[in-house]
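What follows is calculated from the coordinates using simple rules that are stated; it is not laboratory data. Please read all numbers here as calculations on a predicted model, not as lab measurements. For neighbour counting, all protein chains shown are included, and Cβ atoms are generated from backbone atoms with ideal geometry for every residue, glycine included.
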Amino acid sequence: MAQFRVCPDSGFYFDKSAEGLMKANAVAGAVALLVAGILGLGVILTRWQEVHLLPADVFYQVLTGHGINALIFWIIFFEMAILYFASSTLLRTRIAAPRWAWAGFVLMIVGAVMNNIAVLQGNSSVMMTSYAPMQAAPHFYLGLILFAVGALIGCFVFLGTLVIARDDHTYEGSIPLVTFGALTACIIAVFTIACGAIILVPTFLWSIGYITHIDAAMYRVIWWGLGHSSQQINVAAHVSVWYLIVGVLFGARPMSEKVSRSAFLLYILFLQLASAHHILVDPGISSEWKVFNTSYAMYLAVLASMVHGLTVPGSMEVAQRAKGYTKGMFEWLRKAPWGNPVFSGFFFSLIIFGFIGGITGVVMGTEQINIIIHNTIYVPAHFHATVAVGTTLTFMALTYLLIPVLFRRALFLPAVARWQPYVFSAGMTLMILFMLGAGTLGVSRRHWDMDFTGALLAFEYPGTAYTMMAVAGIGGVLGILGGAMYLVVTVGSLLFGKKLDESAGLFQSFGFPLAPSTYNITQPERLQMAPKLAVEEHGSGGFEAPGTFALALALLVCFVVYYYINWDYLASVWPLS
Ligand code: HEM
Ligand SMILES: [Cu+2]
């Protein structure tokens, strides 16, 4: 029975059932992003002290909803779409157990809606981390548990699909790098969801009264097994998408497959351990463990990201140079398709993830200097560089790539799409940099009132802290505008975009298959192993990506200077001399 179609523009094969799942998950993710964005506006307009939009209780409620919808629901729905794409489309195989995959999707929807209802009802404003002994309504936890079970089913469908592809010999050699990266993400996801179950199931039972006590320290350690590892899923997923995008746009192949694969393995081996930075000031946890985590384990984890940060632009540079863009250090970059949002979105996410997210991450991960900014607004600044620009912007870029290929629609308002990555990156960068500054001055995260109105022990921040939060506010509003542009383009494309396939109607945009005659391929051609790359063959060809090397050195210099500044700052806060 024919069940595959081939996209005439890209050459990607789509299995009929997998295609519907990709669409449905991506659309559900976009809805969560919409909710998160609206709530994010409330958050940032409250933290901008001169505006101070929301009253305290609503602020914490809105912050809870913002964090969960953005970090959990948007990203994980979208990652499910990526898992199905990376397995079934990239390996040219039918998907395993599509009914199970749909059941998982339904569970995820039910869970997400249930959790949002709990937050909306107002007695679950416990933040995304829901630290015990703060207690939320039972359906807050139950929603998260159902969502996680659904996602776990998706992971097993992905693994099953890999097995089918291997048994059917749909590809030669080992699985492609992008699929390998997705596999890493999936393995970490299973670990993550296990931690989530270990801690959230008892917490749920506690909320309905079956368990009398949840140990706060235990909760935090295990919860971060979920909270931190899930960020590694995101990194593994968006790095895989980077490889995909440079492959599609430039025909680039990794500089060295082996090195890139080893770097993915480092994620599995070390990043979970690195979760200690979240509990560095917690009592009851040994110093040895903290020190081990914030030194060796963290460096090995960071090393992996640095390898990808080098080989992704490096492979793009090699491909561009092969096309003749060899003038000077940076012609390959100057002549890149800057007007194509797939490229600009990917490249900005790479740069901001590396320069801002990476550097601040190492600073926060270092036990000694972490103490300067622990629990300040510096922390959300850091992770907006990693997840809101790194992961989210990468997924936005991928969406622009997928709308014609997967949804068979042309982009709606292409001029808006072209500017979207610029507006979003500019706004977020402004917000991030100024929140970093305010955090260094001590401004707390998750804090409704910088003025400490009516507090018994008054405290006054320097005037610059207020100014910085105001500039961050302006940046945040600009970032929200960029997010809104993304949603206008994507939703607009799904509803009104020019049809690239006659049967791509309204329902097809939300998961229904195209006309039966489109699926006219019974078994896609076998995926051939690509010939060896020239750069992999000779031993001493020199470093063929000097521009990338220069960028990497610039990163190193920024890091060293900034690291030194923080140690210096620590010495002045706490005189050692
Ligand atoms: C452009 C839109 C965005 C704006 C203006 C924004 C603004 C903010 C601000 C100001 C905070 C910190 C509040 C505080 O600690 O007092 C925050 C928290 C947070 N944001 Fe965003 N954000 C945006 C997009 C995103 C995205 C895309 C993600 C994830 C993919 C995200 C994930 C989070 C998370 C997880 C928190 C922490 C919530 C908590 O502390 O429990 N945000 N956001
Ligand atoms: Cu972490």
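Identify the chymotrypsin sites (Phe, Trp or Tyr not before Pro) of region 172-257 meeting these criteria: DSSP loop state and at most 11 other C-beta atoms within 10 Å of the C-beta.
210
Given charges of +1 on the Cβ of Lys and Arg and -1 on the Cβ of Asp and Glu, with all other atoms neutral, how large is the dipole of the chain about its Cα centre, in debye to the nearest 20?
The calculation lands at about 1200 debye.
Given H placed on each backbone N at 1.01 Å, which residues far from residue 527 in sequence or on other chains put an amide H within less than 5 Å of it?
Residues meeting the criterion, in which the H sits 1.01 Å from N, are 171, 172.
For Cα pairs less than 8 Å apart in space and 6+ apart in sequence, what is the mean separation divided by the residue count of region 313-463, i.e. the relative contact order in percent?
Across region 313-463, relative contact order equals 28 percent.
Cα convex hull of region 161-278: how many Å³ per residue?
131 Å³
Could you list which residues have their amide H under 5 Å from that of residue 376, counting only those 5 or more apart in sequence or on another chain, with H placed in the peptide plane?
445
Using R₀ = 35 Å, calculate the FRET efficiency as 1/(1 + (r/R₀)^6) where r is the Cβ-Cβ separation of residue 258 and residue 208; round to 0.05.
Result of the calculation: an efficiency of 0.10.
Considering Cα pairs under 8 angstrom that are at least six residues apart, work out the relative contact order of region 93-206 and quote it in whole percent.
Here the relative contact order equals 36 percent.
How do 298, 435, 450 line up, fewest other C-beta atoms within 10 Å first?
Exposure proxy ranking, most exposed first: 450, 298, 435.
To the nearest 500 deg cm²/dmol, what mean residue ellipticity at 222 nm is calculated for the chain from DSSP H runs of n ≥ 4 alone, each contributing -39,500 (n - 2.57), summed and divided by the residues?
-21000 deg cm²/dmol
Using θ = phi - 60° and the Karplus relation 6.51 cos²θ - 1.76 cosθ + 1.60, list the HN-Hα couplings for region 499-508 in order, rounded to whole Hz, with x at every Gly or Pro.
These are the phi-based 3J(HN,Hα) values: 6, 8, 9, 3, 8, 7, x, 4, 5, 4 Hz.
Calculate one ³J(HN,Hα) per residue across region 196-211 by plugging θ = phi - 60° into the Karplus curve 6.51 cos²θ - 1.76 cosθ + 1.60, and present them in order as whole Hz with x for glycine and proline.
Taking θ as phi minus 60°, the curve returns x, 5, 4, 9, 7, 5, x, 5, 4, 4, 5, 5, 9, x, 7, 10 Hz for region 196-211.
Which of 177, 202, 228 sits closest to the plus end of the dipole of region 171-310, meaning its Cα is farthest towards the positive end, when Lys and Arg get +1 and Asp and Glu get -1 on the C-beta?
177
With only Lys, Arg, Asp and Glu charged, each at its Cβ (+1 for the first two, -1 for the last two), find how big the charge dipole of region 86-240 is about the Cα centre; round to the nearest 20 debye.
Computed about the Cα centre, the dipole is about 140 debye.
With axes computed from alpha carbons, what is the tilt in degrees of helix 392-405 against the longest principal axis of the chain, rounded to the nearest 10 within 0 to 90?
The answer is roughly 20 degrees.
Run down the lysines and flag those whose C-alpha is under 23 Å from the C-alpha of residue 498, throwing out any fewer than 8 positions away in its chain.
16, 23
With r defined as the distance between the Cβ atoms of residue 413 and residue 330 and R0 fixed at 35 Å, what FRET efficiency is calculated, to the nearest 0.05?
0.70
Show me, for region 127-142, the HN-Hα J-couplings you get by feeding each phi into the Karplus relation (A = 6.51, B = -1.76, C = 1.60, θ = phi - 60°), rounded to Hz, glycine and proline as x.
6, 4, 7, 6, 4, 5, x, 5, 10, 9, 5, x, 6, 5, 6, 4
Roughly what would the spin-label model give for residue 7 and residue 544, points 7 Å off Cα along C-beta, in nm?
2.7 nm
Normalised by the residues of the chain, what does the relative contact order come to in percent, with Cα pairs under 8 Å and at least six apart?
Once divided by the residue count of the chain, the mean separation gives 18 percent.
Enumerate the amide H contacts of residue 409 below 5 Å, restricted to partners 5 or more residues apart or on another chain; note that Pro and chain-start residues carry no placed amide H.
Amide H to amide H, under 5 Å and 5 or more residues apart or across chains, residue 409 pairs with 500.
What angle do you read, to the nearest 10 degrees and between 0 and 90, between the alpha-carbon axis of helix 463-496 and the longest principal axis of the chain?
Its long axis makes an angle of about 30 degrees.
How tilted is helix 16-47 with respect to the longest principal axis of the chain? Cα atoms for both, answer in degrees (0 to 90, nearest 10).
Compared with the principal axis, the helix lies near 30 degrees.
Please enumerate, by chain and number, the lysines with C-alpha under 25 Å from the C-alpha of residue 323, excluding those fewer than 8 residues away in the same chain.
Output for residue 323: 258, 335, 532.
Let me spell out the model: positive unit charges on the Cβ of Lys and Arg, negative unit charges on the Cβ of Asp and Glu, origin at the Cα centre of region 220-310. What dipole size does that give, in debye rounded to 20?
For region 220-310, the charge dipole is close to 180 debye.
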